[in-house]
Amino acid sequence: MSLVSQCSTCTSIAMYAYHAVFVLQLFFCFTEATGSSIVGGKESKPHSKAYMASLQHANGSHRCGGILIRKDFVLTAAHCQFKEMTVILGAHNISQREKSQQRIKVAEFHPYPNYNNESFHNDIMLLKLQQNAQLNTYIKVLELPKKKKKKNLPANTKCTVAGWGQTVSGPKMGLVSDVLKEATEKIEYSKCKNIWKRRFQTERMICTKHGQNGSFCWGDSGGPLICKENLEGIVSYARRKNCSNPKYPQVFTKVRFFLPWIQKVMQGKTAA
């Protein structure tokens with residue numbers, strides 16, 4: 001092959017790669033916080049969050065996070081619903097078939113009846129598993145809060161969010177982590193209302209602020225917000241184009257508000 005032909009071939013390959021990356025970037029930029037992982041933060045101690053679930057497509061690709069709240073129920077975000085979902089429990093590295101993992105298909109989807117996929121209001125869903133999870137050292141249930149609180153969590157309360165997936169925000173979107181990561185965020189209210197306007201509902205949502213060292217991003221949806229060892233929120237949405245920008249607070253569905261509905265679903269008092 002001549003030098004000219006070689007250069008032409010190389011140029012074609014380079015252009016193809018460029019367009020492929022550009023398309024992926026566009027996809028991520030116009031997607032809300034769907035799927036699961038952490039920008040910045042740190043790797044979690046393996047299996048220290050034994051309630052974590054990875055929600056995966058039939059092809060094994062990770063889409064969202066979730067929380068095991070009973071042997072047969074996983075709590076997640078309503079916008080995480082897709083067909084043929086498999087729940088992976090007991091995982092730390094989701095790129096490997098760890099001996100600790102259990103793979104269970106979803107039997108029933110229970111998104112909140114008034115979920116709005118544009119405003120993300122009522123962004124909560126329960127997944128009924130086809131079979132009970134076998135609880136052990138690597139797989140444990142995270143208890144729900146005991147009751148609704150009349151007052152919000154105090155501003156600046158430190159909380160932890162965890163997930164798998166995207167680790168870089170902005171123009172380098174798409175880089176993911178195979179291992180579970182976590183980050184610390186602080187409760188925030190006034191700035192959230194100013195930024196998100198009517199989209200933010202104080203009664204049903206929790207808002208957090210974060211620094212440059214850690215935040216949730218594309219893919220953390222459905223994962224837990226843990227404050228003072230209690231499950232308080234479910235990852236819902238962040239800024240599309242730059243999820244880790246500290247000027248934009250991040251939003252979680254408030255678990256305590258939906259406790260009556262969660263109990264009814266788990267007691268079989270609502271239709272599938």
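Worth a mention:
- Residue match in the range 141-151 (condition: assigned to a loop (DSSP other than H, G, I, E, B), within 27 Å of Lys228 (Cβ to Cβ), touching a Pro at 6+ places or on another chain (Cβ under 6 Å) and at pLDDT 95 or above): no
- Unique match (being over 27 Å from Val179 (Cβ atoms) and touching a residue at least 24 places away in the same chain (Cβ under 8 Å)) among Lys105, Lys147: Lys147
- Tallying residues that are among the basic types (Lys, Arg) and either assigned to a helix (DSSP H, G or I) or surrounded by fewer than 21 Cβ atoms within 10 Å (Cβ to Cβ) (or both) within the range 253-267 yields 2.
- Looking only at the range 76-121, and only at residues there that are among the basic types (Lys, Arg) and at pLDDT 95 or above, the one that is most open to solvent (accessible area, probe 1.4 Å): Lys99
- Within the range 44-93, being in contact with a Pro (Cβ under 7 Å, 6 or more places away or on another chain) and over 17 Å from Val255 (Cα atoms) holds for Gln81, His92.
- All positions within the range 205-242 that are among the hydrophobic types (A, V, I, L, M, F, W, C), open to solvent by less than 10 Å² (accessible area, probe 1.4 Å) and modelled with pLDDT under 75: Phe216, Cys217
The values are calculated or read from the model by the stated rules, or taken from the named source; none is laboratory data. The structure presented is a predicted model; accordingly, all values stated were derived computationally and were not measured. Here Cβ is always computed from backbone atoms with ideal geometry, including for glycine, and neighbour counts include all displayed protein chains. Protein only, heavy atoms only, side chains kept; ligands, DNA and RNA dropped before computing areas. Shrake-Rupley method; radii C 1.70, N 1.55, O 1.52, S 1.80 Å.
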